[in-house]
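Step one of this worksheet: look at the structure below.
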Amino acid sequence: MRGKGNGEKRGPLRFCRRPSPSASAVDRSLQLAARHSSLVIARPPSPPPLPLFFSSSFSSSSSSSGELQNEECHLQERPAENGDELGEGQLPAIHFCESVIAYAVGMVVNVQQRRDCAGGGVTATVVVALLVKVARNWKLLDLSDEMPAHVGFLGLGIMGSPMAQNLIKAGCNVTVWNRTKSKCDPLISLGAKYKSSPEEVAASCDVTFAMLAEPESALDVACGEHGAARGMSPGKGYIDVSTVDGATSKLIGTKIKDTGALFLEAPVSGSKKPAEDGQLIFLTAGDRSLFEMVAPLLDIMGKQRKIGFLKSSDPLNRDTILADKRHSGIVGAEKMGRRTRLSGGATVASASISVCDGEWIGKLLGDSFSSTDNFRSIRYTWARLLSRFFLGDVGNGAAMKLVVNMIMGSMMASFSEGMLLSEKVGLDPRVLVEVVSQGAISSPMFSMKGPSMVQSMYPTAFPLKHQQKDLRLALGLAESVSQPTPIAAAANELYKVAKSRGLSDHDFSAVIEALRIKLQTQSKE
Ligand SMILES: NC(=O)C1=CN([C@@H]2O[C@H](COP(=O)(O)OP(=O)(O)OC[C@H]3O[C@@H](n4cnc5c(N)ncnc54)[C@H](OP(=O)(O)O)[C@@H]3O)[C@@H](O)[C@H]2O)C=CC1
Ligand SMILES: O=CCCC(=O)O
């Protein structure tokens, strides 16, 4: 994964540096902070800080410009979970490794000199540590992520277009293809290259993503005539992010791997808006090495939170910063006392962060770095809370996605039923939406879609035909292990009715219309 220069060839797969030009303001602040961090040089190795992960809940209100107006964040320490990863800026861990290397070299020198020269080991330790520091500062020893140099994207529908767009905006070299060519045009105008078949895209790219409608199209684009598999070869990778069943995914995986290439299934949770905002959740399975190679790309398209810790030289004046990829700034800060220090396994029960602290810390991390006076020796580190999951063998990602969407389809059907019942008994469904939003069954989905459902409007984010496809595939999955799923089966029937009434391309929340139809039919009888 590591090497130098743009497009450098290592084996057949080319890599480039994680693009920085359009890094978010948060990233720039973090980089700036990291540059100003004081490196720990040649101290004897001490235990590395424990990898701390936090569950966090944010509540925020944004201005029309999208800037953060007010944010509260509650942190709770929790054990590391699948999907968590320490960030590249996890400096203490890196410092620790550097120190260990330096110390080890020092010990070797010390032994070699048979203690003839008492200070030899220590001197060597200091020298090696200094060399490491210089190498890092001169980018000779770059610890940042790298990623495949040429990225293909097949399928530019509701999801594929914004996903590819985010890759382009992040500075990736993207080549696109879509069955309906006109959908490529906006991306081409953003800088994407175009090829006229999946085969050509795959042949010209290191890794190729595919976001197709259903199993048939995913299979056809991957394995059909002029399909991606024909352009695959050892060292390349194919990542299918469509929602398909496990059997289809395995078939695609086998055909791709027959070419010597790597395969990852990576269906996504999250809809149109999360795709636009780079807030998707990836449910991956297959070749772990490909997962690792494309992790930086998944993180461009996917959800991640950065939790930063800023420590001053004054142990009584420890500060925490929190940054979230969604916001172009540091979201908050809190002074931490000695009892709540963040390293060494100490406790952080909860932190309430106010905006004025956030502004203050924002200033600290801003271009002017005006508050450095308060922090003569800054050590900066951060952990990432990532939303990409590696689930093992091909089929597991597909299964996870289908289970999630089975739940979602049933939830929406049930919510629709509740809305119609509230109407029927004379309640205001708008009030129902509000009540639901405040209680234990609150869900972003209900809050987002409820208000337009009240107005019988269904602007398409997740097409109803795809939700019905997912329920069908989930029922197949349940059948394969003889599990009864009566609720999902009933929901599926409703989506089928909605499809038969011409609602396929509406948002899946239009399933409420199928219930209305049932109600009307009943009242006529
Ligand atoms: N929308 C959502 O909220 C989410 C969708 N998904 C899943 O992602 C996938 C894509 O969804 P979405 O973008 O919404 O769907 P769209 O219907 O908007 O896009 C489907 C894409 O598949 C292409 N396609 C369809 N049939 C064929 C075919 N026979 N040959 C070649 N290409 C074909 C379409 O090409 P063309 O433009 O020519 O029609 C289009 O690029 C689906 O599997 C869906 O279940 C997953 C998470 C969320
Ligand atoms: O497959 C579609 C999922 C939609 C969502 O997760 O909001």
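The values are calculated or read from the model by the stated rules, or taken from the named source; none is laboratory data. This is a predicted model, so every value here is computed, not measured. For neighbour counting, all protein chains shown are included, and Cβ atoms are generated from backbone atoms with ideal geometry for every residue, glycine included. When the accessible area is computed, the model is the full protein with side chains, heavy atoms only, and any ligands, DNA or RNA have been set aside. Shrake-Rupley method; radii C 1.70, N 1.55, O 1.52, S 1.80 Å.
Data overview
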| quantity | calculated |
| --- | --- |
| Single match in 478, 510 (criterion: modelled with pLDDT of 95 or more, within 16 Å of ligand 1 (Cβ to nearest atom), under 24 Å from residue 212 (Cα atoms) and of a type in the set (Gly, Ala, Ser)) | 510 |
| Residue, surrounded by the fewest Cβ atoms within 10 Å (Cβ to Cβ), within the range 195-213, restricted to residues that are within 26 Å of the chain's Cα centre (by Cα) and of a type in the set (Ser, Thr, Tyr) | 204 |
| Residue check for residue 500: hydroxyl-bearing (Ser, Thr, Tyr) and open to solvent by 60 Å² or more (accessible area, probe 1.4 Å) | yes |
| Failed condition for residue 486, given (1) more than 16 Å from ligand 2 (Cβ to nearest atom); (2) in contact (Cβ under 8 Å) with a residue 60 or more places away in the chain | (2) |
| Of all residues making up the range 219-273, the number that are more than 16 Å from ligand 2 (Cβ to nearest atom) and of a type in the set (Ser, Thr, Tyr) | 4 |
| The range 433-454, residues that are among the charged types (D, E, K, R) and surrounded by fewer than 18 Cβ atoms within 10 Å (Cβ to Cβ) | 434 |
| Residue in the range 410-420 that is in contact with a Leu (Cβ under 9 Å, 6 or more places away or on another chain), touching a residue at least 60 places away in the same chain (Cβ under 8 Å) and open to solvent by 40 Å² or more (accessible area, probe 1.4 Å) present | yes |
| Where a residue in the range 257-271 is on the phi > 0 side of the Ramachandran plot and its partner, wherever it lies, is more than 16 Å from ligand 2 (Cβ to nearest atom), with Cβ under 7 Å and at least six apart | 260/233; 260/234 |
| Residue in the range 409-424 that is within 12 Å of ligand 2 (Cβ to nearest atom) and either in the same structural domain as residue 277 (by TED's automatic domain parsing) or of a type in the set (Phe, Trp, Tyr) (or both) present | no |
| Hits in the range 458-472 (condition: in a helix (DSSP H, G or I) and open to solvent by less than 20 Å² (accessible area, probe 1.4 Å)) | 464, 467, 468, 469, 470, 471 |
